[in-house]
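Enquirer: The structure follows.
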Amino acid sequence: MNQRMFPSKTAFTLIEVMVASVIVVILAGILISATDLTAKSFARTSAKIEQFSEARRGFEVITRRLAEATLNTYVDYYDATGKARPTLLTRKVGGVKEANYDTFINFAPTTYGRQSELRFVSGPMADLGANEEADRPTHGIFFQAPVGEVEDRDTIGMLDHTLNSWGYFLEVGEDAEYIPMILRQLNSPRRRSRLLEFRQPTEQNPIYFPDYPGDAGSQIPSVRNFWFIDGIDKTADRPVRVVSENVIALIILPRLSRNDEVARAKDPKLNITNPNDDRGVLCPTYAYDTALNTTRVAPATPLAASEKPEEVNPKNQLPPTVQVVMVALDEASASTLDRTTKGKKGFDLKLEEIFKRSVRLEDDRSTDEPDDGELNELEKKLIDQKLTYRVFNTNVIIRGAKWSRAQTN
């Protein structure tokens, strides 16, 4: 047989080496590709964990502080017209009568009722009377709590349970206010939606010194809510700090206890047949103000006789439970949203058109589709824009609440 018809051993060796080299190159490519994908996946996951861990910490800050809210409610006199006895601005100094002097002197008590100088307010920021030009989407909540935040720590810092006005709200804007002056030239401003904490030092707490006479409930929101509006609307040195960035929705819903909610739904006096009948909830429009005797809308609107179940009166009493819902984006999504909505208020999400009826917050009970409430409408908006988000949701029990079912104060 002619041996030239067969390759030599050397040729076989070269072919084997080439095949082996190709296999090694392919395996190396697969390994590099897998490593790259793993690294990218790890980076994305780490970024999400880091971003949402900040949001989670902010959420925990709200729920922990909210549980400390207090009103220090006591019983005091009311007259025949339902007005409380004035307890502030009642002196006659230098022959000049202060605002409540005549009211106090001529007051004729006829009954007892709940009274408190402290306040608890929550609801849409657009309805609380703050600066309408500011971009503050969704809800805010403001209250008093024994936090012990003081300016003069050397003298009174040991009094760690002094009373403070406190609160939480969202604000969309650039971050120049929160960057030290020396670093502002080195950082480009970023427009983001931030969760802010309002923290008024004890020495500046104005809650006991209103600039209006009479009962807070008789004043318009921008007047009766002076105690936090004056602080959050300041142009400089505001008593606020950033708790978390990229929080685009904060929903606050004061609620009754679970047993009371079930009882109201079955109350024959209400005759609730429509599952979305909002007479069965404490706050139909999310608004709650301890200066008012109704949770319908602000200012107070008289209720029909059929709409007066005992539990609707929030006058001078804390809600038993507050549901807190927070929606946060990761940094990449927040950057995308900012880039695509330049100059548009609230990142053009129009959340004020979504959160209107608290009975539909999580589910529209008139349909068979589960979880199709107002929160789901927001999630659909975010999904349609391919944004990465996370929803935080919990019920906070207010330890200082002593809820009374009495319709009178």
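The values are calculated or read from the model by the stated rules, or taken from the named source; none is laboratory data. Model, not experiment: these values are computed from the prediction. Positions of Cβ are backbone-derived with ideal geometry, glycine not excepted, and every protein chain shown enters the neighbour counts.
Enquirer: I'd like to verify a number: residues in segment 376-394 that are surrounded by fewer than 13 Cβ atoms within 10 Å (Cβ to Cβ) and either at negative phi or of a type in the set (Val, Ile, Thr) (or both), how many?
Expert: Count: 3.
Enquirer: Hey, another quick one. Just to be sure I understand the filter: pairs with C-beta atoms under 7 Å, separated by 6 or more residues or on different chains, first member in segment 336-365 and more than 17 Å from Tyr286 (Cβ to Cβ), second member hydroxyl-bearing (Ser, Thr, Tyr). Which pairs pass?
Expert: From segment 336-365, the pairs are Phe347/Ser193; Phe347/Thr341; Asp348/Thr341.
Enquirer: Only one of these conditions is not met by Thr155: (1) in contact with a strand residue (DSSP E or B) (Cβ under 7 Å, 6 or more places away or on another chain); (2) free of Cβ contacts under 8 Å to residues at least 12 places away in the same chain; (3) of a type in the set (Ser, Thr, Tyr). Which number is it?
Expert: (1)
Enquirer: Continuing with the same structure: So is Gly217 surrounded by 12 or more Cβ atoms within 10 Å (Cβ to Cβ), of a type in the set (Gly, Ala, Ser) and touching a Leu at 6+ places or on another chain (Cβ under 7 Å) or not?
Expert: So Gly217 fits the description; yes.
Enquirer: Give Glu177, Glu171 a once-over and let me know the one that is among the acidic types (Asp, Glu), part of a helix (DSSP H, G or I), assigned by TED's automatic domain parsing to the domain that holds Thr294 and surrounded by 12 or more Cβ atoms within 10 Å (Cβ to Cβ).
Expert: After applying the criteria, what remains is Glu177.
Enquirer: Go through segment 126-140 residue by residue and tally those that are in contact (Cβ under 8 Å) with a residue 24 or more places away in the chain and surrounded by fewer than 24 Cβ atoms within 10 Å (Cβ to Cβ).
Expert: 7
Enquirer: Out of segment 360-375, which residues are crowded, with 18+ Cβ neighbours inside 10 Å and within 27 Å of Ala332 (Cβ to Cβ)?
Expert: Glu374, Leu375
Enquirer: Moving on to the next point. Tell me whether segment 29-51 contains one or more residues that are under 28 Å from Tyr286 (Cβ atoms) and either at pLDDT below 85 or of a type in the set (Asp, Glu) (or both).
Expert: yes
Enquirer: Looking only at segment 353-409, which residues are in a loop (DSSP other than H, G, I, E, B) and of a type in the set (A, V, I, L, M, F, W, C)?
Expert: Of everything in segment 353-409, those that are in a loop (DSSP other than H, G, I, E, B) and of a type in the set (A, V, I, L, M, F, W, C) turn out to be Ile354, Phe355, Leu361, Leu387, Ile398, Ala401, Trp403, Ala406.
Enquirer: For segment 119-154, give me the residue count where each residue is closer than 24 Å to Arg255 by Cβ, polar (S, T, N, Q) and either not assigned by TED's automatic domain parsing to the domain that holds Phe226 or not in a strand (DSSP E or B) (or both).
Expert: Result for segment 119-154: 1.
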